[in-house]
Amino acid sequence: MRIVVKVGTSTLAHAAGLLNIRRVEGLVKVLSDLKNEGHQLVLVSSGAIGMGVGKLNLPGRPADMPTKQAAAAVGQCELMYTYDKLFGAYNHTVAQLLLTAEDVNFPRRRQNFENTINRLLELNALPIVNENDAVATDEVGMSTTIGENDTLSAIVSECVGADLLILLSDIDGLYTADPRKDEHAALIPEVREITPELKALAGEPGSALGTGGMATKLKAAEIAMACGCDMVIANGQRPEQLYDIAAGRHTGTRFVGRREGQ
Ligand code: GLU
């Protein structure tokens, strides 16, 4: 299978931005093993800004654009150095791809990206994708950012014709209510259609239920499902779950991609 795995900053780093070594080592080990099983993998990894904050000893996430972009430039290096070293120990070759919105919104540039990433997969390399946070800015009337990696990973899944997209989050999946606030909240194991009711459940980003970023995850699910790709939301604290997910066993929430004739 072609599998795209998206991993967020909360999975990769401790609160102050320093690397969560145990977590990242566990993740790289399982991903390397899945590659050895014969799957083709793409990793969409956040963490550039977070790790830059840690490396530069900044007091917190910067509010101004130049410092944020400087942190991203430092953190992206640290991120790739870590992946290169850890995947290298299992004999896997990583490749860095940094994108802005323009790279996927303009057909010719998108084709160029598709050619590169697909060639990397044919060459058995492991593409690691992030937004190019050091240069992407959100200016009024000229948005050059995608903004978050849930959507980016769904776009990447579309570009490589992935069979499966896995979003590793700080929550086990999509719930009927916020599990941090409601003890009766139940995990929804499978979703076949993104209904307005489901969207209302996820809430807007920043609202009570949207804190886990569920709204962007549903947007990603819509993109993935439309191109026949399954998407699973699972907890990044337990990377071994990736074995079950790749084998089609129920873990987290699975959004079933639309197949021919459906
Ligand atoms: N591209 C951002 C970073 O690497 C993260 C975006 C996201 O977390 O969705 O820091």
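What follows draws every value from the coordinates through simple rules; no lab data is involved. Keep in mind it's a predicted model, so treat the numbers as computed, not measured. Methodologically, a virtual Cβ is constructed for each residue, glycine included, from the backbone with ideal geometry; neighbour enumeration extends over all protein chains shown.
Values as computed for the structure displayed
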item	result
Within a Gaussian network of the chain (alpha carbon springs, distance under 10 Å), most fluctuating of Cys159, Cys77, Cys229	Cys77
Semi-axes of the equivalent ellipsoid for the stretch 67-188, Cα gyration tensor, largest first, Å	27, 21, 18
³J(HN,Hα) computed for each position of the stretch 243-257 - Karplus, 6.51 cos²θ - 1.76 cosθ + 1.60, integer Hz, glycine/proline x	4, 5, 5, 5, 7, x, 7, 5, 8, x, 10, 9, 9, 8, x
Sequence-distant residues sharing a close amide H with Val44 (under 5 Å, placed H)	Val5, Lys6, Val7, Val129
Share antiparallel - DSSP beta bridges, the chain, percent rounded to 5	20 percent
In order through the stretch 12-19: 3J(HN,Hα) via Karplus (6.51 cos²θ - 1.76 cosθ + 1.60), integer Hz, x for Gly, Pro	8, 10, 6, 4, 7, x, 7, 4
Residues Met231, Met1, Met51, Met225, sorted so that the one with the fewest Cβ neighbours within 10 Å comes first	Met1, Met225, Met51, Met231
Those lysines that a straight Cα-Cα span of less than 22 Å connects to Lys217, excepting residues fewer than 8 apart in one chain	Lys6, Lys181, Lys199
Amide H contacts under 5 Å for Gly228, placed H, 5+ residues apart	Arg258
Surrounding net charge for Arg109, when Lys and Arg each add one and Asp and Glu each subtract one, Cβ distance under 12 Å	-1
Most mobile listed residue (Leu18, Leu174, Leu126) in the chain, GNM with C-alpha springs under 10 Å	Leu18
Lysine pairs within the stretch 29-131, Cα separation less than 20 Å, 8 or more sequence positions apart or different chains	4
Cα-derived Rg over Rh, computed across the chain with Rh taken as Kirkwood radius	0.94
Val94 long-range amide H proximity, modeled H, under 5 Å	Leu126
